[in-house]
Amino acid sequence: MAWRIEGTYFENCNCDMVCPCTTSGLTAPADNDRCKVALAFHIDTGDVDGVDVGGLTVAVVAETPALMGEGGWRMGVLMDAAATPQQAEALGAVFGGQRGGPMEGLGPLVGEMLGMESREIDYADDGRAHRVRIGSAVDISVEDFVSPLDPTGAGVKVSGVGFPADTLAAGHATASSVDAFGLSWDNTGKNSFSAPFAWSA
């Protein structure tokens, strides 16, 4: 059966500004020896094999080589504790890449799947500022760049990216801490991207 999910997402990594990994399609190295990244996806509406998954949030944390396209990623998935067992199974298959779609393409890059855990997740997005708090494991707040010299107030966008959406708003983290699956970092002040997303397969 087909599936589709739509909502908003944001990410934060330890690159300084406008991550070269994302903007090069994973072919340019990160600003540091290891990429440390967290991505949070809030699903506004979605259906996976007839299971309604709207209103749930899923987060992915990963540590990778500087050149992400080389593979060897260490990755874990944090599932919304509000999900029923059926919803968790459906979303686990989508974000694990077993059901096709964008995450399937990342599958060959994952060298070590660190696991999937269910946690209480609090996600907020006002279109310019974005935040996710996942128990004691993740607490990240980011803001999109909007220059005071820009009369449109549209902010800085990067287009032609593809994953997880074609056009991303660039920004930075105002607070960022991760301690999950044996991965731990603080990316405060570092790069962020955000966007609406729509996936299906």
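How many percent of DSSP beta bridges within the range 3-195 run antiparallel, rounded to 5?
If I count the DSSP bridges inside the range 3-195, around 90 percent turn out antiparallel.
Give me a comma-separated list of calculated 3J(HN,Hα) values for the range 129-141, in order, Karplus coefficients 6.51, -1.76, 1.60 applied at θ = phi - 60°, integers in Hz, x for any Gly or Pro.
10, 9, 8, 9, 10, 10, x, 9, 8, 9, 9, 10, 10
Extending each Cα 7 Å along its Cβ direction at THR188 and SER159, get the distance between those two points in nm, one decimal.
Going from the THR188 label point to the SER159 one covers 3.6 nm.
Residue by residue through the range 33-46, which ³J(HN,Hα) values in whole Hz follow from phi under the Karplus form 6.51 cos²θ - 1.76 cosθ + 1.60 (θ = phi - 60°), with glycine and proline marked x?
5, 10, 8, 10, 9, 10, 10, 10, 10, 9, 9, 6, 9, x
Once the Cβ-Cβ distance between SER24 and SER136 is put in as r, and R0 is 25 Å, what FRET efficiency do you end up with, to the nearest 0.05? All intermediate terms of the calculation are to be shown ahead of the outcome.
Working: r = 34 Å, r/R0 = 1.36.
FRET efficiency, SER24 to SER136: 0.15.
With a Förster radius of 45 Å, plug the Cβ-Cβ distance of ASP166 and GLN86 into 1/(1 + (r/R0)^6) and report the FRET value to the nearest 0.05. Don't jump to the answer; show the numbers that get you there.
Working: r = 31 Å, r/R0 = 0.69.
With R0 = 45 Å, the Cβ-Cβ based efficiency is 0.90.
At 7 Å along the Cα-to-beta-carbon direction for both ARG128 and ASP44, put a label point, then send me their distance in nm to one decimal.
1.9
Evaluate E = 1/(1 + (r/R0)^6) for ALA175 and ARG34, where r is the Cβ-Cβ distance and R0 equals 22 Å; express this FRET efficiency to the nearest 0.05. Don't skip to the end; give the middle numbers.
Values: r = 21 Å, r/R0 = 0.95.
Approximately 0.60, to the nearest 0.05.
In nanometres, what is the gap between the two model label sites at GLU117 and VAL146, each 7 Å from Cα along Cα-to-Cβ?
3.5
Looking at THR45, ALA28, GLY105, which one has the Cα that reaches farthest to the positive end of the dipole of the chain (charges on Cβ: Lys, Arg +1; Asp, Glu -1)?
Going by the Cα projections, it comes out as ALA28.
Mean residue ellipticity at 222 nm from the helices of the chain, using -39,500 (n - 2.57) per DSSP H segment of n ≥ 4 over the full residue count, to the nearest 500 deg cm²/dmol? Could the numbers behind the result be given before it?
Details: 3 runs with 20 residues, N = 201.
Result for the chain, helices only: -2500 deg cm²/dmol.
Got a sec to turn the phi values of the range 154-171 into Karplus ³J(HN,Hα) couplings, 6.51 cos²θ - 1.76 cosθ + 1.60 with θ = phi - 60°, whole Hz, x for Gly and Pro?
6, x, 8, 10, 10, 10, x, 7, x, 10, x, 8, 6, 10, 10, 7, 8, x
Every read-out reported here was derived from the displayed coordinates using simple, explicitly stated rules and does not represent laboratory data. Because the structure is a prediction, the values reported are computed rather than measured. When we count neighbours, we look across all protein chains shown, and the Cβ atoms used for this are built from the backbone with ideal geometry, even at glycine.
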